[in-house]
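J.: Below is a structure I'd like to ask you about.
Here, each number is a calculation from the coordinates, and none is a lab measurement. Just so it is clear, the structure is predicted and the values come from calculations on it, not from any experiment. Using ideal geometry, Cβ is built from the backbone for each residue, glycine included, and neighbour counts are taken over all protein chains shown.
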Amino acid sequence: MKAAVLHGKEDVRVQEIEPAPLQPGEVRVRIGAALTCGTDLKVFKRGYHAKMIVPPAVFGHEFAGTIVEIQRPAANDSPFDWTTGDRVVVANSAPCGECFFCQNEQENLCDDLQFLNGAYAESIVVPARFVQKNMLRLKNETRFADAALMEPLACVVQGVEDTKLKAGERVLIIGSGPIGLMFVALAKTIGCEVAVAGRGETRLQTARHLGADHIIDVSETDLSSIATDPTNRYDVVIEAVGKPETWEIAVQLVRKGGRVNFFGGCPAGAKASLDTGLIHYSNLTLLASFHHTPRTIRRALHFIESNVIRASDFVSGECLLADLPELFHSMANGNKAVKTLIKV
């Protein structure tokens, strides 16, 4: 079958590979929709991800599709109620369910978190743990492209829950990429007043479409200049960019007693300098959300199947699998597409 294989830094190739045989408890899913992701772009630029993928390896992790082959588990294993023809979406990770963190409902921090890659392909083998923990059945009317948004949306659901957003709060979301835009949609669903600081005409238009009340185009207005005005303060600030300088400015834009979620992960080794006096005497709550759990995966799919989140708001283009290497090179060079649907 054809699949995209990551070989190293900015080196992904679409090639013929032999489909792996199924082990007990595994299923094979024919890809119905696969979506590009900012994390995949980072992996492409870096050539690897210490936890997620080590080349050479099949590539991509946001997908939905149809089960075309199953291998039932051993007789004494967990119940197995899947069959060929089932329409499913699968998360990109699965926790062990046994470690300290899993036992304390922090599966995102699991000591043995397993990751799944290989969405940019004709089909993918879903390991048994994923089948048991994080593979969900779709409604007949749910489009694969919508369902493929489940994994990044689950991370945003985690962030919303960690931050404890409430109706009526003034929320500033820094970043207008797919994650920032999903925060807009969920914050508006909760009933927040939402401001977005970002760049890119298409992305800012999408933010408006999703209900953002205020738009700050950072290509025209510097956030640091806004922070000098003490009236520009928010109940909650969500940093969805992942830059140390943006972490620093986020703390300056929240009101006394407010909350900041450093959602965007910075490059390895990056350091931010925060005003300890401001944090202490303003009684700020600082937190950082990471990844997702089986519960937020299921909540994310609920939002999708309730039409709160739709691919039409996030997917701004299509690309054939054969053209995927060229697409990633264009993304690395500044392509500002929100998300692209890979047609396999």
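J.: Multiplying the sequence separation of VAL54 and LYS243 by 0.36 nm and subtracting their Cα-Cα distance, what value in nm do you get?
T.: Difference between extended and current length: 65.6 nm.
J.: Among THR66, THR142, THR228, whose mean-square fluctuation peaks in a Gaussian network model of the chain (Cα, cutoff 10 Å)?
T.: Looking only at THR66, THR142, THR228, the largest GNM fluctuation is found for THR228.
J.: Once label points are set 7 Å from the Cα along Cα→Cβ at both ALA167 and LYS271, what is their separation, rounded to one decimal in nm?
T.: 4.6 nm
J.: Treat each spin label as a single point 7 Å out from the Cα along the C-beta direction, and report the ARG72 to GLU201 distance in nm.
T.: The answer from the label model is 5.9 nm.
J.: Right, another one. Please work out the C-alpha center-to-center distance from region 122-142 to region 228-303 and express it in whole Å.
T.: One Cα centre to the other: 32 Å.
J.: Considering the alpha-carbon set of the chain alone, what are its Rg and its Dmax in angstrom?
T.: 20.4, 66
J.: Next question, about the same structure. Can you give the net charge of the other residues whose Cβ lies under 11 Å from the Cβ of LYS164, counting K and R as +1 and D and E as -1?
T.: -2
J.: Do the alpha carbons of any pairs in LYS51/LYS139; LYS2/LYS42; LYS42/LYS343 sit beyond 27 Å of each other, and which pairs?
T.: Beyond 27 Å: LYS51/LYS139.
J.: Using DSSP H assignments, which helices in the chain have an axial alpha-carbon span of 15 Å or above and a mean Kyte-Doolittle hydropathy of 0.5 or higher?
T.: Values: long enough: 150-163 (19 Å, 0.42); 178-190 (18 Å, 1.73); 294-305 (17 Å, -0.43).
Passing helices, by number: 178-190.
J.: To continue, here is another question. On a full-extension model of 0.36 nm per residue, what is the gain between ASN335 and ASN307, subtracting their alpha-carbon distance, rounded to one decimal in nm?
T.: Separation in residues times 0.36 nm, less the Cα-Cα distance, equals 7.3 nm.
J.: Below 13 Å, Cα to Cα, which aspartates and glutamates can LYS188 reach? Residues fewer than 8 away in the same chain don't count.
T.: Leaving aside aspartates and glutamates fewer than 8 places away in the same chain, those within reach of LYS188 are GLU169, ASP213.
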